[in-house]
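Beneath this line is the structure, given in structure tokens, with notes to follow.
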């Protein structure tokens, strides 16, 4: 199994999957909704945004 | 070891028989050939020919190891068949046993005498076609017939066991799926002998005291029967056919004489020059033959014959600039069904890539066997890149060749940068393509990744709180069109988390909206979302319909910990609906949207790799009449 050449050729994919799994875990744990734009407006006294 | 001493009746030299199983000795002094009878009497055999051929690395005195037992070569019987020959070396072991080591064109095997199998008598085996039909042995294995050869004469050397004094016999070689191989001999007077064949690689014998052979040495000179000009051969008597470099005559060595077959055009030059030397797969070869082969459809390819006097022949096959290194081997796949479009060897499955009959349309140099005698040799090629098995059906049986893809860089490294290799186009039959993964393996990997993502996501959800931190219902008067409220404070104590705000209002053919601002009481940061519900229903054409929902929710994402409250500005039209509305805030909630987006991001590159691999494989199979892609795309 370990010597299967396909495993070596797919190394880049397994690394990508690992990074994505890590990203998904982080997003899920911190409540970050990825690729979400505009539905939530934020205002703070020190940054951009508008005060309603 | 028990020695038996005799005296040569011709020159009175002392003759030593080391083995009790040998029955012939050639006097080392005068060359007299003497048969030893069972009673120990020696009888001269003047008609027996003494073997003179020295184009073999093995000689009398060579030692080796087989099955952990050391042996010494003490003699040989050289069998001359119609187009080739084999050396049957008598090998004597330290425990007194005698076996035969057969050396044939670089392939080596130990022949172990066994009792005949009553379920596979000679006459039944002889009736089989080559690779067509099978017989079952006494130990329930099925065997096919692979080769049949007729020996015309024998030559002898040293102390040996002669199994047929006539020198004329027929041999049948059988093979079983498990790799067992048997040889059946039909000798004079209806005598049959059976042997179990044990093929081994040259290195495995650990030979010592081999004959020193030199690459590039001329082994025979000849006079062309067509133009009467002289020529030289480098691998005679292994080569039995060659081409005159002066007039292009294709010549064969038949019954001790040079025979003219036909003339070659000589309009194609080899990319690797004739007699170029180079090291491939760790063995030094000399390129001694070049042939252009053509099938019935006019497709042609080039084949280069390489020779090493110790290791025998190898071949380079070139088509569209793609190269394959091939060696003939008897340790090959055994196909019970000759018409099968696949075969299994080891752990690999080989697919049928090509099936054709070929002729030689042009040639330079020399070749093993009589390549100019037979037309329309049938060949099938099975591929599992970067390897290939080629199965040729000759008049005397099956020949298997194992091929490996070889790169242009390897050829340049072997033969030098001066060779002019043809331009590459397309993808070769067994050319390894960088980055291409087996589609079935890729499919399993993608499914595995998705399942792992699901597992990780579900495990992560176990640690989420799903906690309701605020919930309240407000009742509305009919005349009100807006409603503003500030909620009580609630604490969010995770470093970062989300808040799912759900609005529920029982609207009936109406709408309701709420603008919700979540305010961090510690630092004044505000997060604003807008939520709205609308629900309509009716009865039309005998059927009721509805549209919309009375509930909606929205995430406020990535909130830092702190104390929060909400400012709600709700609006509705004048009327009784809705009579009330409810806001619920749930903290630290799983977001399935994230899961699906990440899975999609994982699938897309895998899908890209799959499509890339499929595209490259389609190109590979473009030159095959058995492409698995032609029917899928219809």
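What distance in nm lies between label points placed 7 Å from Cα along the C-beta direction at residue B:54 and residue B:139?
4.2 nm
Ranked highest first by the average count of other Cβ atoms within 10 Å around their residues, in what order do B:251-262, B:473-484 fall?
On the way: B:251-262: 14.5, B:473-484: 11.5.
The peptides rank, most packed first, as B:251-262, B:473-484.
Using Cα centres only, tell me the gap between region B:1-59 and region B:125-155 in whole Å.
What the calculation gives is 33 Å, centre to centre.
If I take the Cα coordinates of region B:236-336 and project them onto the principal axes, what are the three extents in Å, biggest first?
Result for region B:236-336: principal-axis Cα extents of 38, 36, 34 Å.
By how many nm would the segment from residue B:189 to residue B:16 grow when fully extended, if each residue of separation counts as 0.36 nm and the alpha-carbon distance is taken off?
Values: separation 173, 0.36 × 173 = 62.28 nm, distance 3.03 nm.
Result for the pair: 59.2 nm of gain on full extension.
Return the average number of partner chain Cβ atoms within 10 angstrom of each residue Cβ along peptide B:487-499.
2
Can you order the peptides B:370-377, B:216-223 by their average number of other Cβ atoms within 10 Å per residue, highest first?
Result, highest mean first: B:370-377, B:216-223.
Jot down the radius of gyration and Dmax of region B:424-535, Cα atoms only, both in angstrom.
Gyration radius and largest Cα-Cα distance of region B:424-535: 26.3, 84 Å.
What FRET efficiency comes out for residue B:394 versus residue B:299 if R0 is 25 angstrom and r is the Cβ-Cβ distance? Round to the nearest 0.05. It would help to have the intermediate numbers written out before the result.
Details: r = 21 Å, r/R0 = 0.83.
About 0.75, to the nearest 0.05.
Wrap a convex hull around the Cα atoms of region B:385-445, take a quarter of its surface area, and give that in square nanometres. Spell out each step's value before the answer.
Values: hull surface 28.3 nm².
The orientation-averaged projected area of the Cα hull of region B:385-445 comes to 7.1 nm².
Answer rounded, prolate or oblate for region B:103-144, using the Cα gyration tensor with square roots of eigenvalues a ≥ b ≥ c: rounded when a/c is under 1.5, else prolate when a/b is larger than b/c, else oblate.
It comes out oblate by the Cα gyration axes.
What do the square roots of 5 times the Cα gyration tensor eigenvalues come to for region B:422-471, in whole Å, largest first, as semi-axes of the equivalent ellipsoid?
49, 11, 7
Apply 1/(1 + (r/R0)^6) to the Cβ-Cβ distance of residue A:37 and residue B:463, taking R0 = 22 Å, and write down the FRET efficiency to the nearest 0.05.
Given R0 = 22 Å and the Cβ-Cβ separation, E is 0.20.
How many Cβ atoms of partner chains, on average, are near each residue of A:11-19 if near means within 10 Å of its Cβ?
Going residue by residue through A:11-19 and averaging, the value is 4.
Rg to Rh ratio, region B:471-589, alpha-carbon atoms and Kirkwood radius?
1.06
Would you kindly give the portion of the calculated P(r) for chain B that falls above 39 Å, as a percent of all Cα pairs?
Counting pairs separated by more than 39 Å, the tail of P(r) holds 53 percent.
Can you sort B:30, B:379 by how many other beta carbons sit within 10 Å, fewest first?
Ranked by crowding around the Cβ, least crowded first: B:30, B:379.
Give me log10 I(q)/I(0) at q = 0.09, 0.15, 0.21, 0.23 Å⁻¹ for region B:519-628, Debye formula, one equal scatterer per alpha-carbon, no solvent.
Each listed q maps to, in turn, -0.58, -0.92, -1.21, -1.28.
Which of the peptides B:533-544, B:59-70, B:302-313 is most tightly packed, and how do the rest follow, going by the mean number of other Cβ atoms within 10 Å of each residue?
Output ranking for B:533-544, B:59-70, B:302-313: B:302-313, B:59-70, B:533-544.
Alpha carbon centre of region B:479-528 versus region B:581-603: separation in Å?
Comparing the Cα centres of region B:479-528 and region B:581-603, I get a distance of 19 Å.
Would you calculate the volume per residue, in Å³, of the smallest convex hull containing every Cα atom of region B:4-205?
In region B:4-205, the Cα hull volume divided by residue count equals 133 Å³.
Looking only at other chains, what is the average number of their beta-carbon atoms within 10 angstrom of each beta-carbon in B:554-561?
4
Note the angle between two axes, namely the Cα long axis of helix B:439-462 and the longest principal axis of the Cα atoms of chain B, as a number of degrees from 0 to 90, rounded to the nearest 10.
30 degrees
If I histogram all Cα-Cα distances within the protein assembly as shown using bins 10 Å wide from 0, what percent of pairs lands in each bin?
Cα pair-distance distribution for the protein assembly as shown, in percent: 3, 11, 16, 16, 12, 8, 7, 7, 7, 6, 4, 2, 1, 0, 0.
At 0.36 nm per residue, minus the direct Cα-Cα distance, what do residue B:254 and residue B:418 gain on full extension? Give it in nm, one decimal, please.
This chain segment gains 55.3 nm when fully extended.
Project the alpha carbons of region B:486-534 onto their principal axes and report the range along each, largest first, in whole Å.
Its Cα atoms span 42, 18, 17 Å along the three principal axes.
Based on the alpha carbons, how large is the Rg to Rh ratio for region B:220-415 when Rh follows Kirkwood?
Expressed as Rg/Rh, it is 0.96.
Grab the Cα-Cα distance for residue B:220 and residue B:455, subtract it from 0.36 nm times how many residues apart they are, and report the gain in nm with one decimal.
This chain segment gains 77.2 nm when fully extended.
Can you give me the angle between helix B:592-620 and the longest principal axis of chain B, using Cα atoms only, in degrees from 0 to 90, rounded to the nearest 10?
30 degrees
Each value in this text was obtained by applying a stated rule to the coordinates, not by laboratory testing. Everything numeric in this text was worked out from a predicted model, so none of it was measured. Note that each Cβ is placed from the backbone with ideal geometry, even for glycine, and that neighbours are counted across all protein chains shown.
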